[in-house]
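Rule-based calculations on the coordinates, nothing more; no lab input. Every value quoted in this text rests on a predicted model; they were computed, and no experiment measured them. Note that we place each Cβ from the backbone using ideal geometry, even for glycine, and neighbour counts take in every protein chain shown.
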Amino acid sequence: MTREELARNDGREGRKAFVAVNGTIYDFTGSKLWQDGAHEALHQAGRDLTEELKSAPHVRAVVERFPVVGKLEEPQ
């Protein structure tokens, strides 16, 4: 999935809420913690959150609970 495709899945206005972490794209749609594509007013879906989540606690264990929907394509 390209970064443009990821950005279209921002969780707003009924769209899916996809988040990329370490090159993997997860579907956070339906999570009560990601209402309208935002998590605690800190993080927005439709983006690569790898850097933002490096300092967050228990990221890997939490993120890996969500379905994988693809891989993030790197710009060429």
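Per-structure values
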{"item": "Relative contact order (%) - the stretch 3-71, alpha-carbon pairs under 8 angstrom, separation at least six", "result": "35 percent"}
{"item": "Lys, Arg +1 and Asp, Glu -1 on Cβ, resulting dipole of the chain about Cα centre, debye, nearest 20", "result": "220 debye"}
{"item": "Two-decimal log10 I(q)/I(0) for the stretch 1-41, as the Debye equation yields it once each C-alpha is a single scatterer, q = 0.15, 0.35 Å⁻¹", "result": "-0.31, -1.23"}
{"item": "Length gained when the stretch E74-A61 is fully extended (0.36 nm per residue, less Cα-Cα span)", "result": "2.2 nm"}
{"item": "Peptides ranked, highest mean first, by Cβ atoms within 10 Å: ranges 48-56, 12-20", "result": "12-20, 48-56"}
{"item": "Label-point separation in nm, E5 to E40, each point 7 Å along Cα→Cβ", "result": "3.1 nm"}
{"item": "Cross-link partners of K71 among lysines (Cα-Cα below 19 Å; sequence separation of 8 or more within a chain)", "result": "K16, K54"}
{"item": "For the stretch 21-49 and the stretch 1-16, distance of Cα centres in Å", "result": "10 Å"}
